[in-house]
Every structure is written in C-alpha cells, then in structure tokens.
C-alpha cells in the first residue's frame, strides 16, 4: 500500500507542476521479474518486481523523469548453522526462509526509435540510489529435534546504481501503449567502491499512459 501511495503521489505532483501545452506526461507502471545472468548461486533470480516511471517530454523523441522500483523474493534455505556447538560430533543445521528486498529510486532518460506505425524501441538510461536488504530466519535442528529459532539480517546500501535497459512498446492508441523490457545491463557501486556489473534477462510487462 505504501508503494502504491508513493507512486500516486508522484503522479499528482507531476500532473500539477510538469504538464504544459507543449509537453505530455507519461506514467508507466510495470510488473514482472528478471534473471541475473552473472549470479553463480542462482539466489537472486526471478523475483517479483514492481516498477513505476513518470516523466515528460524532452526534445522531439526523448522522455525524462523519475523511476521507482521494488524487488521482493522469498527463497527456502537449509544447511549447516554458522555457529556450531563447541563440543559434540553432531552438527547444528538450519532450515528457514531468506527474504530478499531491493528498493531503488532515481532518474531516467529514454529515447524513442520508431520501428513501425505502432511499434517503438526505446532504450532507457538511469541512475538510482539503491537499498538492499536480506533477512533469513527459521528453525535450528539438532539431530531430528528442534533446538530453537534464528534470525539474521544483512543490510547493504549501494552508493549508486547506473545502467541501461532496452524496451519495446506497442501503441494501442494515441495515449495508451503496452510496454515490455527486453534486456538490462546494470552496474551497482558499493559503499566501499566495489563494483558489480550484471546482465539481466527481464520479464517485465507494463502499460504506458500519456496525457
């Protein structure tokens, strides 16, 4: 609900201050997921993702605006617990759920390349602040009996996320189009200057309104 209210608030602000007789306002919510091609552990793959974009015309074929996205995924995990008993030959195991969340907010610029009367290609470049969080919690098992519960949280704030994605749209009319993302190349810069460049194969479908 908070995500929806935030996105509607952006729509209202843009509608009041950004629209002019010469410029149109674009609203593009999308839902879907993606697969990270460079993730060797195959953990952060095919999560649920919501993305909201709101922008206005810049130049003849460009759009600039704000972009918000939220990623959420639950994965079942199991294995040895990271804090083993000091004595005893039988290991302590864990069985739980890993919740993976990413929240991103930034700006984007997209360029429209017409491919036909109704079909357009539009690559989009973006820069975002990105917040990453993982929470793992579950049960501890000693032999076959439960010996308690555990919870571990991991917070990683990236200083920036920059990248480019490639999208297509099919225009249903002057003010309505169906959008689909084809490919995304993403570079995440950590607080300690480490860089993580990944290719993503998305499945993201949305609707673009304009007025």
The residues 119, 71, sorted from fewest to most surrounding Cβ atoms within 10 Å, come out as 119, 71
Taking 7 Å along the Cα-to-C-beta vector as the label spot, tell me the residue 72-residue 118 distance in nanometres, rounded to one decimal. 3.4 nm
Need the full-extension length gain, residue 107 to residue 182, defined as separation in residues times 0.36 nm minus the C-alpha distance. One decimal, nm. 25.0 nm
Determine, for 151, 110, the number of other Cβ atoms within 10 Å of each Cβ, and report the residues in order from fewest to most. 151, 110
Please give the FRET efficiency for residue 209 paired with residue 137, using the beta carbon to beta carbon distance and R0 = 35 Å, rounded to the nearest 0.05. 0.30
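None of the figures in this text is laboratory data; all of them are computed from the coordinates on show. None of the values given here were measured: they were computed from a predicted structure. Methodologically, a virtual Cβ is constructed for each residue, glycine included, from the backbone with ideal geometry; neighbour enumeration extends over all protein chains shown.
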